[in-house]
Each structure stands twice: as C-alpha cells, then as structure tokens.
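*Asks:* For reference, the structure I am asking about is given below.
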Amino acid sequence: WLKDKEALVAEVDNEGQVTIAGEFVGKLEGFRFIADKEANGAEAKAVKAAAMEALVPHFNLMAERFYNAPDTEIDFTDQGGLMWGDNALGKFISGDNPLKPELRVFVEENVSTEIQQKVERRLQHFVDRKITTLFEPLLALERDDKLSGLARGFAFTMVENFGLVPRDSVSETVKSLDQDARATLRRHGVRFGQHTIFMPLLLKPAPTRLRLVLWSLANNIGEFPTAPPPGLVTVPSESFSLNGVDTMSGYRNAGDRAIRVDMLERLADMLRSQDSKNGFECNSDMLSITGLTLEQFAGLMVGLGYKAEKGSRLKVVLKKDNDANFSMPTDEESEHKGKGDSKDLPENETNDVGNLDLNEVFYTFFWAPKKVNRSKNYSQKRLKSKTKKGKMGSPERTQNFKPFSKNLENKNKPIDPDNPFAKALMGFNQDN
C-alpha cells in the first residue's frame, strides 16, 4: 500500500489508533503521529510520510473542531501542559512578562502552517482569557495609571509576585506608605495583614494553580510544585520543599505545619487581644479556625515566634446525672478512695470518679520572637526604582524580573511515562 499513494486513506479510532488499508501504522496523539514501533529505519520514515499524507483530511477536521471548541474543553496541567481532553497540544514557556507566558505547540512539522497557526491561536486565546479571569484584581492594579510614588512601586511588587508578599520582606516600604496610598491599594483588594500582604480573591484554588505554574516558569524550576487540596486550613510544612512555595500556595510555614494566610490573619486578630507578655492559653475558637489538636497548635505557635510552656492540672469535671452538687473529690476523699474505702463519696459516684482522667495538659504561650530564615530579596532600592515613569509590566520593566524567592533548587525528576502530557513532551523533545 505504500506504493499506491493515491488510494491512501487513514482511519483513526477513538483511542487514536491509525490504520491504512486495514493495517496498523501508529497512533495519533493530538496533532502528532507516533509511528508503529516495529517499523524502523527507512521503512519507518516511509510509513510516517505515507501516514502523514493520508492524515491530512483528519488533521484539517480536527483543527477546525479544536478552534471552535469551548474553553471548558481545554485546561492546563500543574506542570504547565495545555490539554484538549486527553490530547496534549502544547505547554507554557517563560517570556519577558511573567503574566504573559509564551506557548509552544505540539504539532508535527510537516503539518500545514495554517493548522499550526490555528492551534497556536486557539491555545493563546484560552491562556489569555484564563489569566484575565483568574488574575483580574491583579491586572486592574497593574493598569491603574492613577497610582504614583511609593504606591505605584508597591503595586508593581504585588504584580511581579502574583498578589502575595510576606510582610516582613517589605516592612520598611509598608511603613512609608501614607494612609491615602494604603486606601487606594485597599480599594484594589489589597489586604495589609500582620504576616502577609495579599489579595484574598487570588487565594481561590483556580488562581492558586495558575500562579504556581507562572511562578515556576519565572524561576526556571524543573518540576513545578502543586497546590494543596482545596479547603485545607493547614498542611504539613514539608509539602513546600522549595523556598517561597508556601507563599505562592497561599500559606505560611510555621513549624511543622503551614497555615493558610487568610486564616493566619484571623488567628492574629484573636492573638492581638491576648496578654502575650504574661502568658495566655489558647481558646476553643483558636483551635476551631485552625482545625488543629492542642499539640499541633502549640507547634504552630512556636513556628510563629511564640514560646510554649507545657503544663498539667486537674480537670474541671461536671457530673453527667442530675446531682448538681457533684464536684471533684477532696484530698481526704481521694485518700479514702486510695484505701478502697468509698463510703464518704456521694452515692453512685464512686465508679464515675474512678474512671476519670483527673489531669489535663495545657499550654501557656508567651511572645518570644526569633529570627526567621525567610527570603529577603525584596530590595528597597529596586522597589523605589519602580516609581519611575513607565507602564507597569512593560517589557523594559519586566525583562529583569526577579521574584522574591531566588536561588531555587531546580528539581529534575523522572517524567511519569503514563501521563499524556509527559508522553507528548518527551516525544516533542526527541523530535527537536
């Protein structure tokens, strides 16, 4: 059938298997043809050439379907892949502006230029709309020409760090912002928290996923970090292996656990009313908003700069029956009970008291700040330089983009061979 090219017609089944004249020749993955592994050398080249020619009508139809597909059929992976259903059609690549990534499409070189451009345009439309929708508050802040001076410079810092900045890294600049500047930034949705300055709308799962992808591209990270499952207030700190990933994920590392920045600010509001000099205990509200046990909460507080002193004391126990006069046994009653004599205890209470754990553990917290090893790469001089005239986000302002987390380790782990995007990427890299 290789000689009879005029009669070649390729058939593609639902799994992408390609047959010509009833004979299996390879598999189609998106707009890439993977030839049958049994063919090699000159035969493999001939098979691929014939298959590509026979697949021209199929590619044209598929390109038309993809170009008119709704955005709901397209998505991005945590590793920056661009998928149309199960088909990997391209990936993000870094550009001059972190909020405007460039794209690389996975299309066979000998497919027509028209099809290649159509696939690229459709993917670009999807990416542009996705960024515009998920980062709308941040883009509005970037476009605000009324911002000036330190407010404009600080707005640029928020933009280049995707809407989340540890407060201790810009503390001096924050102190320099007057009330009018803060009010203007607040109108854009910027919240000045005690620990983090952030835009609450950007903490939602969808913008967090995209932020991690764009941040990873800007920092040339090999394997991109993934966001914690939605809805979790705290997660193990070991989830964030690279410096800065906790902030980009919307969390703050504190000891063995990391807490979501918005919930940390709620906790900070509660702690502000406590006597941190003379010591205080946590209450049920503090445990409730963090969802932690007392032991875990103590570890979190230590991670936030507090000293935790552990103690033990007798519990205050209420009797479960109708005897309102029941109280903890006195020393004399306990002595009788220890000797096996329970006659002095109220009736029907001997067994109750005997089965109770009379001690409870508690913690007293004191403010004892320690030096925290967090990134200090927000240069105040650099921040002031952003106040010069020019459009925020323009090429000349972003070509030297340096996110706050520098010196990140490049994680190059083996690619999962069963992942459709990974398989397409491996094939693409081999061809190029």
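The values are calculated or read from the model by the stated rules, or taken from the named source; none is laboratory data. Just so it is clear, the model here is predicted, and its values are computed rather than measured. Don't worry about glycine lacking a Cβ; one is built from the backbone with ideal geometry, like all the others, and counts go over all protein chains shown. The protein model used for the area step is the full one, side chains on, heavy atoms only, and it has no ligands, DNA or RNA in it. Shrake-Rupley method; radii C 1.70, N 1.55, O 1.52, S 1.80 Å.
*Asks:* Only residues that are in a loop (DSSP other than H, G, I, E, B) and either of a type in the set (Gly, Ala, Ser) or out of contact with any helix residue (DSSP H, G or I) (no Cβ under 9 Å at 6 or more places or on another chain) (or both): list them for the stretch 206-228, please.
*Replies:* Taking the stretch 206-228 as the starting set, the residues that turn out to be in a loop (DSSP other than H, G, I, E, B) are 219-228.
Scanning the stretch 206-228 gives ASN219, ASN220, GLY222, ALA227.
*Asks:* Further, regarding this structure: Within the stretch 109-126, is there a residue that is crowded, with 16+ Cβ neighbours inside 10 Å, under 21 Å from the mean Cα position of the chain (by Cα) and either at pLDDT 95 or above or hydrophobic (A, V, I, L, M, F, W, C) (or both)?
*Replies:* The answer is yes; a qualifying residue exists.
*Asks:* Let me ask you something else. Looking at ALA63, ALA21, ALA7, ALA54, which is the one that is in contact with a helix residue (DSSP H, G or I) (Cβ under 9 Å, 6 or more places away or on another chain), modelled with pLDDT under 80 and either open to solvent by 50 Å² or more (accessible area, probe 1.4 Å) or within 18 Å of THR113 (Cα to Cα) (or both)? First the steps, then the outcome.
*Replies:* On the way: ALA63 fails: modelled with pLDDT under 80; ALA7 fails: in contact with a helix residue (DSSP H, G or I) (Cβ under 9 Å, 6 or more places away or on another chain); ALA54 fails: modelled with pLDDT under 80.
Going through ALA63, ALA21, ALA7, ALA54 in turn, just one is in contact with a helix residue (DSSP H, G or I) (Cβ under 9 Å, 6 or more places away or on another chain), modelled with pLDDT under 80 and either open to solvent by 50 Å² or more (accessible area, probe 1.4 Å) or within 18 Å of THR113 (Cα to Cα) (or both): ALA21.
*Asks:* Restricting the search to the stretch 254-279, which residues are without any contact (Cβ under 8 Å) to a residue 40 or more places away in the chain and either buried (at least 20 other Cβ atoms within 10 Å of the Cβ) or acidic (Asp, Glu) (or both)?
*Replies:* Scanning the stretch 254-279 gives ALA258, LEU267, ASP269, ASP275.
*Asks:* Would you mind finding the one in ASP13, ASP96, ASP36 that is under 30 Å from PRO225 (Cα atoms) and surrounded by fewer than 19 Cβ atoms within 10 Å (Cβ to Cβ)? Walk me through how you get there before you give the answer.
*Replies:* Working: ASP13 fails: under 30 Å from PRO225 (Cα atoms); ASP36 fails: under 30 Å from PRO225 (Cα atoms).
Just one listed residue meets the conditions, ASP96.
*Asks:* So, in the stretch 302-327, of the ones that are over 34 Å from the mean Cα position of the chain (by Cα) and open to solvent by less than 70 Å² (accessible area, probe 1.4 Å), which residue ends up modelled with the highest pLDDT?
*Replies:* Filtering the stretch 302-327 for residues that are over 34 Å from the mean Cα position of the chain (by Cα) and open to solvent by less than 70 Å² (accessible area, probe 1.4 Å), the one modelled with the highest pLDDT comes out as GLY311.
*Asks:* State which residue pairs qualify: first residue over 8 Å from LEU214 (Cα atoms) and inside the stretch 92-103, second residue among the hydrophobic types (A, V, I, L, M, F, W, C) and surrounded by fewer than 16 Cβ atoms within 10 Å (Cβ to Cβ) in any location, beta carbons under 7 Å apart, and separation of 6 or more residues or different chains.
*Replies:* If the second residue must be among the hydrophobic types (A, V, I, L, M, F, W, C) and surrounded by fewer than 16 Cβ atoms within 10 Å (Cβ to Cβ), the pairs left are GLU102/ILE93; LEU103/ILE93.
*Asks:* Here's another thing I want to ask about it. Filter the stretch 143-167 for residues that are under 17 Å from the mean Cα position of the chain (by Cα) and of a type in the set (Asp, Glu) and give the result.
*Replies:* GLU160
*Asks:* What tally of residues in the stretch 251-268 results from selecting those that are of a type outside the set (D, E, K, R) and out of contact with any Phe, Trp or Tyr (no Cβ under 8 Å at 6 or more places or on another chain)?
*Replies:* To start, the set of residues in the stretch 251-268 that are of a type outside the set (D, E, K, R) comprises 251, 253-255, 258-259, 261, 263-264, 267-268.
Filter once more, keeping what is out of contact with any Phe, Trp or Tyr (no Cβ under 8 Å at 6 or more places or on another chain): 254-255, 263-264, 267-268.
Total satisfying the criteria: 6.
*Asks:* Next up: Just to verify a result, which residue in the stretch 280-301, among those that are surrounded by fewer than 16 Cβ atoms within 10 Å (Cβ to Cβ) and in a loop (DSSP other than H, G, I, E, B), is nearest to the chain's Cα centre (by Cα)?
*Replies:* Restricting to residues being surrounded by fewer than 16 Cβ atoms within 10 Å (Cβ to Cβ) and in a loop (DSSP other than H, G, I, E, B), the top hit is GLY291.
*Asks:* Here is a check on your reading of the model: is SER241 crowded, with 18+ Cβ neighbours inside 10 Å and touching a residue at least 12 places away in the same chain (Cβ under 8 Å)?
*Replies:* On the way: crowded, with 18+ Cβ neighbours inside 10 Å: no; touching a residue at least 12 places away in the same chain (Cβ under 8 Å): yes.
Here the answer is no, as SER241 does not meet what is asked.
*Asks:* Under 7 Å between Cβ atoms, at least 6 apart or on separate chains: pull out the pairs that start in the stretch 288-311 with a residue that is more than 18 Å from LYS277 (Cα to Cα) and polar (S, T, N, Q) and end on any residue that is surrounded by 15 or more Cβ atoms within 10 Å (Cβ to Cβ) and modelled with pLDDT of 95 or more.
*Replies:* Taking only residues 6 or more apart or on different chains, the pairs are THR290/VAL233; THR290/THR234; THR290/ILE259; THR290/MET263; THR290/LEU267; THR290/PHE297; THR290/LEU300; GLN296/ARG257.
*Asks:* Something else: Please go through the stretch 149-199 and give me each residue that is among the charged types (D, E, K, R) and either open to solvent by less than 40 Å² (accessible area, probe 1.4 Å) or more than 27 Å from SER216 (Cα to Cα) (or both), ordered by number.
*Replies:* Restricting attention to the stretch 149-199, the residues satisfying the condition of being among the charged types (D, E, K, R) are 152, 160, 167-168, 172, 175, 178, 180, 182, 186-187, 191.
Those that are among the charged types (D, E, K, R) and either open to solvent by less than 40 Å² (accessible area, probe 1.4 Å) or more than 27 Å from SER216 (Cα to Cα) (or both): ARG152, GLU160, GLU172, LYS175, ASP178, ASP180, ARG182, ARG186, ARG187.
Condition check ((1) polar (S, T, N, Q); (2) modelled with pLDDT of 90 or more; (3) in contact with a strand residue (DSSP E or B) (Cβ under 7 Å, 6 or more places away or on another chain)) across all residues:
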residue	(1), (2), (3)
LYS27	no, no, yes
GLU38	no, no, no
ALA42	no, no, no
PHE59	no, yes, yes
GLN79	yes, yes, no
TRP84	no, yes, yes
LEU89	no, yes, yes
ARG104	no, yes, yes
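*Asks:* Let me ask you something else. Here are some residues: GLU142, GLU172. Which one is over 23 Å from ASN243 (Cα atoms) and either of a type in the set (Phe, Trp, Tyr) or part of a helix (DSSP H, G or I) (or both)? Talk me through it step by step, then tell me what you get.
*Replies:* Details: GLU172 fails: over 23 Å from ASN243 (Cα atoms).
After ruling out the rest, the residue left standing is GLU142.
One line per residue, one yes/no per condition, for (1) over 23 Å from GLY244 (Cα atoms); (2) within 14 Å of the chain's Cα centre (by Cα); (3) charged (D, E, K, R):
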site: ARG129; (1), (2), (3): yes, no, yes
site: GLN179; (1), (2), (3): yes, no, no
site: GLN194; (1), (2), (3): no, no, no
site: LEU210; (1), (2), (3): no, yes, no
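*Asks:* Looking for something farther than 26 Å from ILE131 by Cβ and either aromatic (Phe, Trp, Tyr) or open to solvent by less than 20 Å² (accessible area, probe 1.4 Å) (or both) - is there at least one such residue anywhere in the stretch 211-232? Spell out the reasoning first.
*Replies:* Going through the stretch 211-232, the residues farther than 26 Å from ILE131 by Cβ turn out to be none.
Within the stretch 211-232 (the criterion being farther than 26 Å from ILE131 by Cβ and either aromatic (Phe, Trp, Tyr) or open to solvent by less than 20 Å² (accessible area, probe 1.4 Å) (or both)), the answer is no, since none of the residues qualifies.
*Asks:* Tally the residues that are touching a strand residue (DSSP E or B) at 6+ places or on another chain (Cβ under 8 Å) and touching a residue at least 12 places away in the same chain (Cβ under 8 Å), restricting the search to the stretch 61-77.
*Replies:* Initial filter on the stretch 61-77 (touching a strand residue (DSSP E or B) at 6+ places or on another chain (Cβ under 8 Å)): 62-63, 66, 69, 73-77.
Checking the rest, the ones that are also touching a residue at least 12 places away in the same chain (Cβ under 8 Å) come to 62-63, 66, 69, 73-74, 76-77.
Residues meeting the conditions: 8.
*Asks:* Taking the stretch 229-261 only, how many residues are polar (S, T, N, Q) and assigned to a helix (DSSP H, G or I)?
*Replies:* Pass one, the stretch 229-261, residues polar (S, T, N, Q): 234, 237, 239, 241, 243, 247, 249, 253.
This time we only want the ones that are assigned to a helix (DSSP H, G or I), so: 237, 239, 247.
Counting residues in the stretch 229-261 that are polar (S, T, N, Q) and assigned to a helix (DSSP H, G or I) gives 3.
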